[in-house]
Amino acid sequence: MKINIHLRTYVAAIFALVIIGLTSVISIAISNQSSDILKKEIGHTLSTTAFQMADKLDYFMWSRIAEIEVISELDLLKNQQNNKEARKLLNEVQSSIPAFSWIGLTDSDGKVVVATNDILTGVDISMRPVFKEALSGTFIGDVHDAVLLAKLLPNSNGEPLQFVDISKPIISNDGEFLGVLASHLSWKWSEQVHDEIISPLKDEMEDAQVFIISQKDQTVLLGPRGMVGTSVQLGSINKARKGKTSWLVEEWPDGDKYLTGYSLGDGYLNYKGLGWVTIVRIPAEKAFSPVRDLQLFIIKIGIVSSLIFAWIGWFLTGFVTRPLQKISESANQIRSGGGQ
């Protein structure tokens with residue numbers, strides 16, 4: 001009986017070790033493969049979101065530019081004889097498209113002759129980029145702080161007003177330069193685009209932060225409070241500048257590591273874009289928590305499976321060693337009988 005117990009224990013131990021070893025190897029392999037796939041899916045979600053944000057920003061800009069170009073071709077603005085009707089038209093455009101904070105029409109010298117809500121009417125803007133740059137064609141200016149309009153437009157939250165400029169020269173049918181149709185887009189529209197993209201994904205992308213980086217000095221145009229206006233130097237921005245849309249894990253200026261999705265806004269149709277880079281980031285620890293949860297779950301399954309198979313092995317070895325037990329008992333009886 002002692003031999004049987006020892007043999008059964010020995011066989012069960014070997015069986016358990018083999019099962020535990022195989023289960024561990026399989027669990028580790030599945031865990032690593034599943035983790036890599038899950039990491040790629042999370043990274044792909046961020047890079048796709050960054051691309052959608054960049055694309056939507058460019059589409060929005062293209063739409064506003066097209067509208068200014070269409071309006072600039074109207075005879076009502078070219079004649080500059082009926083300022084009342086021209087003012088009504090510009091006010092209607094602003095009412096229909098609130099993103100236009102201000103639209104004005106200048107004469108050839110840069111003096112505003114018609115404007116939405118009469119703001120800046122009679123003011124000389126000939127030295128402003130929105131007029132100067134439009135002398136040679138359609139002008140799209142990057143995000144900048146308000147200068148002339150800072151105290152003239154309503155500002156409910158008290159934050160500095162920022163605009164994107166769009167202007168177009170007014171040319172008569174005879175080719176004569178008549179003035180400029182100038183407009184300022186409120187940068188607030190970028191937050192609306194942000195919300196439209198991120199809100200449907202808030203459950204999947206909790207703690208996600210979106211950045212829009214200017215081509216000039218890598219300045220943060222849109223981002224968390226405290227970072228707007230600062231300059232950031234990141235490998236993801238450099239990769240995006242090369243036209244890549246992807247993701248990586250990188251260390252940010254605050255010393256923390258983030259899973260970072262990036263994409264370059266390279267324009268839409270005939271709009272070439274302003275070189276904005278869109279970045280979506282999540283703290284790496286938070287982003288990969290589902291990966292760790294999956295790994296832990298697989299390990300637990302492996303341990304439980306090993307214990308179950310070891311327990312089964314213990315009983316199986318009982319069936320294997322039972323014949324040996326009978327042989328051992330018979331041998332003991334023979335030995336005992338022979339001794340008598």
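Being under 17 Å from Leu178 (Cα atoms) and of a type in the set (Asp, Glu) is the filter; apply it to segment 83-111 and report the residue that is surrounded by the fewest Cβ atoms within 10 Å (Cβ to Cβ). Restricting to residues being under 17 Å from Leu178 (Cα atoms) and of a type in the set (Asp, Glu), the top hit is Asp109.
Residues in segment 153-176 that are at pLDDT 85 or above and either surrounded by 13 or more Cβ atoms within 10 Å (Cβ to Cβ) or of a type in the set (Gly, Ala, Ser) (or both): 12 in all.
Within segment 119-140, can one find any residue that is without any contact (Cβ under 8 Å) to a residue 60 or more places away in the chain, more than 28 Å from the chain's Cα centre (by Cα) and closer than 17 Å to Pro98 by Cα? Taking every residue of segment 119-140 in turn, at least one turns out to be without any contact (Cβ under 8 Å) to a residue 60 or more places away in the chain, more than 28 Å from the chain's Cα centre (by Cα) and closer than 17 Å to Pro98 by Cα.
The one condition from (1) in contact with a Ser or Thr (Cβ under 6 Å, 6 or more places away or on another chain); (2) buried (at least 20 other Cβ atoms within 10 Å of the Cβ); (3) aliphatic (A, V, I, L, M) that Ala208 does not meet is (1).
Taking the criterion of being of a type in the set (Ser, Thr, Tyr), modelled with pLDDT of 75 or more and surrounded by 15 or more Cβ atoms within 10 Å (Cβ to Cβ), the residues of segment 14-73 that qualify are Thr45, Ser47, Thr48, Thr49, Tyr59, Ser72. Remark: pairs (first residue in segment 161-172, without any contact (Cβ under 8 Å) to a residue 60 or more places away in the chain; second residue in a strand (DSSP E or B) and charged (D, E, K, R); Cβ separation under 8 Å; 6+ apart in sequence or on different chains) = Gln162/Asp145.
Here is a check on your reading of the model: is Asp109 at pLDDT 95 or above, part of a loop (DSSP other than H, G, I, E, B), more than 29 Å from Arg281 (Cα to Cα) and not aromatic (Phe, Trp, Tyr)? Taking the combined requirement at face value, the residue satisfies it. Taken over segment 249-301, residues that are over 12 Å from the mean Cα position of the chain (by Cα) and of a type in the set (A, V, I, L, M) amount to 11. Scanning segment 212-254 for residues that are of a type in the set (Lys, Arg) and in contact (Cβ under 8 Å) with a residue 24 or more places away in the chain turns up Lys216, Arg241.
The values are calculated or read from the model by the stated rules, or taken from the named source; none is laboratory data. Predicted, not measured: the structure shown is a model, and the values here were computed from it. FYI the Cβ positions are ideal-geometry reconstructions off the backbone, even for glycines, and counts take in every protein chain you see.
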